[in-house]
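The values are calculated or read from the model by the stated rules, or taken from the named source; none is laboratory data. Keep in mind the model is a prediction, meaning the values are calculated, not measured. For neighbour counting, all protein chains shown are included, and Cβ atoms are generated from backbone atoms with ideal geometry for every residue, glycine included.
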Amino acid sequence: KRTISDVPLGAFLSGGLDSSLIAHYLNKYHNNLNTFSIGFEDASFDESQYSRAVSHHLCTNHHEEIFSSDCMLDMLPLIWDMMDEPFADASFLPTYLLSKFTRQKVTVSLSGDGGDEVFAGYPTYFAHKMARWIPSWSVSSLQFCSTLLPVKFDNMSFDFKVKQFCKGLSFQNSFRHQYWLGSFDKKQKQKLYRSKFQESLTDKDILDHLINDHMLMNDTENDLEKYLYQDMRFYLQDDMLVKVDRSSMANSLEVRVPYLDHNIVEYMARVPYSL
């Protein structure tokens, strides 16, 4: 159903499970499938070797662009006109580049967005399981020990993940989940804010109120269900889909998300979370 198109159709291919599965099935019904991915100059961010490997296995016509610092600076003046409000997701920039060069070949592209939210693919869900086994009296010691790890500036380095996990243990479950997904905690934000802006803030973050209200509305006793709901309600709806929609539409590219087909979402919502 998502592949019906009167115009050229392709697929975003990061090399991960979600996009690779879509490319696999799409390749069965479309000859000479065009796939598209973004690479990065920084090796710790770059996953293009995986997309190339999947493309080679599937025999697709693969297209790749490298997102560089010069490319980012050239792109910034164009971005302002696309956003009518502050949007704190830097991945908008490579997504815009991906959409731009994808549009040179096709008019419609399939994306793997939504797979992690629907099928519980984020590592934060596993982190919650690990956190259950850590006694509260040991949290401060773990946090101190994590600060002794040598610092690396690679994307998602080992020391970053350990420190992020340990810091998150200080929060209640719903706010812990939000912290693990975010970039800055409240103390770090306070250091970044100007004093006048700081004075205009209330004691509680607006996002904290939203999360608390929605957690109260969600009366399920299953923690995983709460986190999945939280991610779909906030991260997917207000971040990821906004990013993809605006960056693609700015390039006259239609992006379709098969994993968010209502039949799939409704079916997965009925699957027991114990599985």
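Some points to look at:
- Check on Leu216, surrounded by fewer than 16 Cβ atoms within 10 Å (Cβ to Cβ), at pLDDT below 85 and in contact with a helix residue (DSSP H, G or I) (Cβ under 9 Å, 6 or more places away or on another chain): no
- For region 1-19, filtered to residues that are touching a Gly at 6+ places or on another chain (Cβ under 8 Å) and small (Gly, Ala, Ser), the residue that is surrounded by the most Cβ atoms within 10 Å (Cβ to Cβ) is Ser19.
- The residues of region 139-171 that are farther than 19 Å from Gly182 by Cβ and either hydroxyl-bearing (Ser, Thr, Tyr) or in contact with a Cys (Cβ under 7 Å, 6 or more places away or on another chain) (or both), listed by number, are Ser140, Ser141, Leu142, Thr147.
- Selection count where residues are among the small types (Gly, Ala, Ser) and assigned to a helix (DSSP H, G or I), scope region 246-273: 3
- Looking at Ile66, Ile4, just one residue is assigned by TED's automatic domain parsing to the domain that holds Met249 and at pLDDT below 95, and that residue is Ile66.
- Any hit, region 224-235, residues being closer than 28 Å to Leu97 by Cβ and modelled with pLDDT of 90 or more: no
- The criterion of at least 3 residues that are within 16 Å of the chain's Cα centre (by Cα) is met by the following helices (runs of 4 or more DSSP H) wholly inside region 15-132: 17-29, 92-102, 115-119, 123-132.
- Residue in region 86-126 that is farthest from Thr35 (Cα to Cα), counting only those that are without any contact (Cβ under 8 Å) to a residue 60 or more places away in the chain and surrounded by 18 or more Cβ atoms within 10 Å (Cβ to Cβ): Leu93
- Test: Ser183 is at pLDDT below 85, within 20 Å of the chain's Cα centre (by Cα) and over 29 Å from Ile264 (Cβ atoms): yes
- Answer from Asn27, Asn31 - the residue that is polar (S, T, N, Q), assigned by TED's automatic domain parsing to the domain that holds Asp70 and loosely packed, with under 14 Cβ neighbours inside 10 Å: Asn31
- For region 35-54, filtering for residues that are farther than 23 Å from Cys71 by Cα and either acidic (Asp, Glu) or surrounded by 15 or more Cβ atoms within 10 Å (Cβ to Cβ) (or both) leaves 1.
- Qualifying positions in region 55-68 - of a type in the set (Val, Ile, Thr) and surrounded by 17 or more Cβ atoms within 10 Å (Cβ to Cβ): Thr60
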